[in-house]
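The structure appears below as structure tokens.
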Amino acid sequence: MLPKRRTMTDAPTHEVRGGFPVHFHYTVGIVGEIFFNGLKERKLLAVTCKECSKTYFPPRMYCEDCFAELTNEEFKTLEQEGTVESFTKTYKDHRGNSLSEPYYLALIKIKGSDTVFFHKLINVDEPNIGMIVKPVWSETTKASLFDIIGFEPA
Amino acid sequence: MKKRKVGIVSVGLTKFMRRAKETPKELAYYAAKTALDEAGITRKDVDAAIIGSAPDAFDGVHQKHEYLTDGAGGVNLPTMRGYVGGGTGVFSPIQGWYSIASGMHDVVLVTTEEKMSSVLPSAQAAFNTIFDNMIERPLGPNLVWIFALEMRRYMETYGIPKEHIAAVSVKNKGNALDHPSAMLGQKLTIEDVLNSEVLAEPVHLLDISPVADGAVSFVMMSEEKIKEFGISLDDVAWVEGVGWNVDTTMWTNRDLCYPKYVEKAAKQAYTMAGQKDHSPEALRKWLSFAEPYDPFNYKELHHLEGLQLFEKGKAPLAAYEGVTARDGDFPVTPSGGLLGVGNPIAAAAGMKVAEVYLQLTGKAEKRQIPKDVTRGLAQAWGDLMQVGTVIILKGGRVN
């Protein structure tokens, strides 16, 4: 099965260092502009597909099921309340470094929405699935995902 | 195995632009939704979705296909991305063809997308990462450099004057003035092209296509479904031949004057379509027009020769003399091509296939070739200048 290759070892080897020398400036998109501007005003804006009644938060340009365009629908403001669908406590960052202060991440279903939102869970010792939470807003908002610092027990 | 007959029944194109406000998903949605509406069907009628997009490093989302799935109408369907770099836009409808010809699916939604404006500092910085890490990348190669090497060798070998190559930019950018998606339609002279900024000798700015954002979609169907939906054959272009071929990744070792891989892909497609005589005269009579890949002006000529549509070294003079003009004996790139419409990589080649469809169904409006067209070819090229992809379409009522 295994080829007889004496070169296949874990021995130190000559390396050439490289990287992918690119970075990005992403457009938030047609509906993203509406969503982020909503955050700036501390509002959770959602959109409902008329054809299938599915409500998207964050809102979308189109319904992924029935493919109707939602851009011209009225964007509605949801209540600032959600339910924890699942959560985890993270101890390491994506580089594998230990975090000095482990924290919670959660999937949160905002009331009135049919989709689930991913964000931090804060000011909580023992979260549970089904816990009712509300967003904690940053003092100064700038149309960013982190205008919401996290969600805390309501 | 008996292959089923497959037709393209509609296309949808976004505008091509330098920096679209839309996200990549939103671009894909515009194209996909337009194609569905044009075909008179909904996503419920679709059996499978195909996504074509080139390097992830443009849009800046790794595994771009999973990201694009909902915009391309592929949620909860057998959805798959094919990826052969710049050759992708022609390969995606080929994927659509074999999904249907094999009997697997009846209605396939194909979407090609690229949002190149996301990447910083430039698309060429992303292209640098396609080269060999050990022996090439330390020199900082980009596509302009390697095409300069190829273009010079092509000119030297056949004694081609730069004026003849520049004629392709004049023609294509001029044709693009009539394309509603175009970003760089321009009325130029050969002198304008020759006098434009030098990037890497002999390549000047107007020899090159612009990076762009855009998307193009197709609806493809089996003959049975076309009948079932009552779609008029006037709105159909049948897939008559497909071909693709990949050369070695050692680009330095390839014939710089002649794309052998394009020849192999083309001959596969001609043979499948039942065209046995592969001489330029016979092929130019059999085909009404062609949309070869033109990211650089000389590449259109290079590809016309690889496609066997002109003898080696003879395409440049034909372009210069107007043979390949929209109203010439053998129209080439009536769309305006990548040089004029723009080059959002996978979507650019998708635009070429769309042009063949639009010409064959008489829907090319101001771009319509002023003679009867029965059969057209689109070709793209990509990976590390090593892949050729070819599709041949014929009109819905052509036997």
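The values are calculated or read from the model by the stated rules, or taken from the named source; none is laboratory data. Worth saying up front: this structure is predicted, and the values here are computed from it rather than measured. We place every Cβ from the backbone using ideal geometry, glycine too, and count neighbours over all the protein chains shown. Areas reflect the complete protein model, heavy atoms only, side chains present, ligands, DNA and RNA absent. Shrake-Rupley method; radii C 1.70, N 1.55, O 1.52, S 1.80 Å.
List, in the order given, every pair from B:Lys276/B:Lys394; A:Lys111/A:Lys142; B:Lys225/B:Lys260; A:Lys43/A:Lys120; B:Lys187/B:Lys394; A:Lys50/B:Lys33 whose Cα-Cα distance in the structure shown is over 26 Å.
Numbers: B:Lys276/B:Lys394 17 Å; A:Lys111/A:Lys142 24 Å; B:Lys225/B:Lys260 37 Å; A:Lys43/A:Lys120 17 Å; B:Lys187/B:Lys394 31 Å; A:Lys50/B:Lys33 17 Å.
The answer is B:Lys225/B:Lys260; B:Lys187/B:Lys394.
Summing -39500 (n - 2.57) over the DSSP H runs of n ≥ 4 in chain A and dividing by its residue number, what mean residue ellipticity at 222 nm do you reach, to the nearest 500 deg cm²/dmol?
-2000 deg cm²/dmol
Determine which aspartates and glutamates satisfy two conditions relative to A:Lys40: a Cα distance under 13 Å, and not lying fewer than 8 residues away in the same chain.
Once the sequence-local aspartates and glutamates are set aside, what remains near A:Lys40 is A:Glu139, A:Asp147.
Equivalent-ellipsoid semi-axes (√(5λ), Cα gyration tensor) for the range B:165-283, whole Å, largest first?
34, 24, 15
Taking the Cα atoms of the protein assembly as shown, report the difference between the largest and smallest coordinate on each principal axis, in whole Å and largest first.
Largest first, the protein assembly as shown extends 79, 65, 58 Å along its Cα principal axes.
Over 16 Å, how big is the tail of the calculated P(r) for the range B:150-228, in percent of all Cα pairs? Don't skip to the answer; put the middle values down first.
Values: 1938 of 3081 pairs.
For the range B:150-228, the share of Cα pairs beyond 16 Å comes to 63 percent.
Going toward the positive end of the dipole of chain B, with +1 on Lys and Arg Cβ and -1 on Asp and Glu Cβ, which of B:Asn133, B:Gly74, B:Ile165 do you reach last?
About the Cα centre, the residue reaching furthest to the positive side is B:Gly74.
For the range B:312-383, rounded, prolate or oblate, judged on the Cα gyration tensor with a ≥ b ≥ c (square roots of eigenvalues), a/c < 1.5 rounded, else prolate if a/b > b/c?
Details: a/c = 1.77, a/b = 1.06, b/c = 1.67.
Taking the square roots of the gyration eigenvalues as a ≥ b ≥ c, the range B:312-383 is oblate.
Based on C-alpha coordinates, I'd like the Rg and Dmax of the range B:280-399, in Å.
Spelled out, the Cα radius of gyration and Dmax of the range B:280-399 are 13.1, 38 Å.
Can you list which of the GluC sites (Glu not before Pro) found in the range A:1-45 are DSSP loop residues with at most 12 other C-beta atoms within 10 Å?
Answer by residue number: A:Glu15, A:Glu41.
Report the one residue of B:Ala57, B:Gly322, B:Ser222 whose Cα lies farthest in the direction of the positive end of the charge dipole of the protein assembly as shown (charges on C-beta: Lys and Arg +1, Asp and Glu -1; origin at the Cα centre).
B:Ser222
Using just the C-alpha positions of the range B:227-270 as equal point scatterers, what log10 of I(q)/I(0) does the Debye formula give at each q in 0.33 1/Å?
-1.11
Could you give the dipole magnitude of the range A:30-153 about its Cα centre, charging the beta-carbon of Lys and Arg +1 and that of Asp and Glu -1, in debye to the nearest 20?
200
How would you classify the range B:134-181 from its alpha-carbon gyration tensor, with a ≥ b ≥ c the square roots of the eigenvalues: rounded for a/c under 1.5, else prolate if a/b is greater than b/c, otherwise oblate?
oblate
Dividing the Cα convex hull volume of chain B by residue count, how many Å³ per residue is that?
Taking the convex hull of the Cα positions in chain B, it is 126 Å³ per residue.
Given charges of +1 on the Cβ of Lys and Arg and -1 on the Cβ of Asp and Glu, with all other atoms neutral, how large is the dipole of the range B:1-71 about its Cα centre, in debye to the nearest 20?
320
What does the net charge come to around B:Ala378 if you take all other residues with beta carbon closer than 11 Å to its beta carbon, with K and R at +1 and D and E at -1?
Working: positive: B:Lys352; negative: B:Glu291, B:Glu355.
Result for the neighbourhood of B:Ala378: -1.
What does the convex hull of the alpha-carbon atoms of chain A project to on average, in nm²?
16.1
Mind jotting down the distance between the C-alpha centroids of the range A:1-48 and the range B:116-160, whole Å?
Measuring centre to centre over Cα atoms gives 24 Å.
Which trypsin sites (Lys or Arg not before Pro) in the range A:78-154 pass both tests, a DSSP loop state and at most 10 other beta-carbon atoms within 10 Å? Show your work: numbers first, answer last.
Values: sites: A:Lys89, A:Lys92, A:Arg95, A:Lys109, A:Lys111, A:Lys120, A:Lys142; in loops: A:Arg95, A:Lys111, A:Lys142.
Those satisfying the criteria are A:Arg95, A:Lys142.
Report, largest value first, the span of the C-alpha coordinates of the range B:61-201 along each principal axis, in whole Å.
Over the range B:61-201, Cα extents along the principal axes are 53, 44, 31 Å.
Just need the relative contact order of the range A:30-153 here, percent rounded to a whole number, with Cα pairs under 8 Å and 6+ apart.
Computed value for the range A:30-153: 25 percent relative contact order.
From the residues A:Ser138, A:Ile34, A:Leu45, which one has its Cα farthest along the dipole of the range A:30-153 in the positive direction, the dipole being from +1 and -1 charges on Cβ of Lys/Arg and Asp/Glu about the Cα centre?
Checked the options; the winner is A:Ser138.
What residues in the range A:20-36 lose 50 Å² or more of accessible surface when the other protein chains are added to their chain alone (1.4 Å probe)?
Residues meeting the cut-off: A:Phe20, A:Pro21, A:Val22, A:His23, A:Phe24, A:His25, A:Tyr26, A:Thr27, A:Ile30.
Whole percent per 10 Å bin, from 0 to the bin with the longest distance: what is P(r) over all C-alpha pairs of the range B:45-137?
Result, from short to long distances: 17, 42, 26, 12, 2, 0 percent.
Direction-averaged shadow area of the convex hull around the Cα atoms of the range B:90-167, nm²?
Average of the hull's projected areas for the range B:90-167 equals 9.6 nm².
222 nm [θ] for chain B, helices only, -39500 (n - 2.57) per DSSP H run of 4+, per residue, to 500?
Working: 15 runs with 141 residues, N = 399.
After summing the helix terms and dividing by residue count, I get -10000 deg cm²/dmol.
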